[in-house]
Amino acid sequence: MSDIVIISGSPSELSRSEKLLQYIGSTMRKEHYSVTFISIKDIPAEDLVQGNYESPVLQQITQHIQEASGVIVGSPVYKAAYSGVLKALFDLLPQDVLYDTYVLPIMTGGSPSHMLAMDYALKPLVSTMKGLPLKGLYYIDSQLDKHQENPIIDEEILDRTKKQLFYFLEKIGLKKSISNATIR
Ligand SMILES: Cc1cc2nc3c(=O)[nH]c(=O)nc-3n(C[C@H](O)[C@H](O)[C@H](O)COP(=O)(O)O)c2cc1C
């Protein structure tokens with residue numbers, strides 16, 4: 001059982017959003033939270049495409065999510081919504097897999113003009129799986145450098161990230177501060 005499950009919905013090989021989610025995960029591990037990281041790329045493609053509800057990998061993912069105190073779901077914006085592969089995963093999970101679970105939604109996009117994909121696409125997806133979506137974080141590509149250990153290169157969004165992570169941990173009952181020494 002993990003404190004936090006992070007789901008990364010980018011199919012991209014050198015993914016910006018996944019780098020960001022990995023950084024957030026490593027930050028939380030440094031603060032002694034247990035984190036399970038699920039990348040859509042680790043799920044057999046045939047399970048997703050053929051709708052294999054019996055897939056052992058999917059059953060394990062379901063268990064991880066159901067046992068977590070909180071979940072972070074991240075996706076790039078693709079065509080004004082979340083990625084198709086993230087939806088393929090959620091289509092195969094039980095309808096109430098996020099029941100009563102706080103979820104921090106995170107999206108990265110090429111431009112700010114699709115920021116509302118968070119409110120119109122990702123949050124409704126979380127809600128329909130019975131999760132409780134928090135405000136969330138939206139990053140535009142110019143605020144991120146995927147080649148750096150901490151990919152968040154914009155001070156303002158870095159500050160917002162710390163606040164949202166703190167709020168998320170408070171909501172899931174695991175409040176400890178994310179120290180400035182850890183996330184910088
Ligand atoms: C197929 C595709 C569709 C995209 N559609 C949008 C879009 O509609 N709006 C937007 O702001 N950015 C769009 N982008 C840009 C990505 O959202 C952005 O570069 C993101 O950070 C990529 O994350 P990733 O590296 O984790 O896949 C798109 C990129 C791709 C590859």
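The values are calculated or read from the model by the stated rules, or taken from the named source; none is laboratory data. Quick caveat, the model's predicted, so the values are computed rather than measured. All Cβ positions, glycine included, derive from the backbone under ideal geometry; neighbour counts span all protein chains shown. Protein only, heavy atoms only, side chains kept; ligands, DNA and RNA dropped before computing areas. Shrake-Rupley method; radii C 1.70, N 1.55, O 1.52, S 1.80 Å.
Somewhere in the stretch 17-36, is a residue among the aromatic types (F, W, Y) and open to solvent by 20 Å² or more (accessible area, probe 1.4 Å)?
Among the residues of the stretch 17-36, not one is among the aromatic types (F, W, Y) and open to solvent by 20 Å² or more (accessible area, probe 1.4 Å), which makes the answer no.
Taking the listed residues Y78, Y82, Y53, the one that is modelled with pLDDT under 95 and of a type in the set (S, T, Y) is Y53, with no other qualifying.
Within the stretch 141-154, the only residue that satisfies the criterion of being more than 18 Å from S111 (Cα to Cα) and either touching an Asp or Glu at 6+ places or on another chain (Cβ under 6 Å) or among the charged types (D, E, K, R) (or both) is E149.
Does Y120 count as out of contact with any Phe, Trp or Tyr (no Cβ under 9 Å at 6 or more places or on another chain), assigned to a strand (DSSP E or B) and within 16 Å of the ligand (Cβ to nearest atom)?
No.
Only one entry in I140, I157 is of a type in the set (V, I, T) and open to solvent by less than 10 Å² (accessible area, probe 1.4 Å), namely I157. One residue stands out among those in the stretch 79-112 that are within 9 Å of the ligand (Cβ to nearest atom) and part of a strand (DSSP E or B): the one that is surrounded by the fewest Cβ atoms within 10 Å (Cβ to Cβ), which is A81.
Considering the stretch 1-12, and only residues there that are open to solvent by 10 Å² or more (accessible area, probe 1.4 Å) and either touching a Cys at 6+ places or on another chain (Cβ under 9 Å) or at pLDDT 95 or above (or both), the residue that is farthest from the ligand (Cβ to nearest atom) turns out to be P11.
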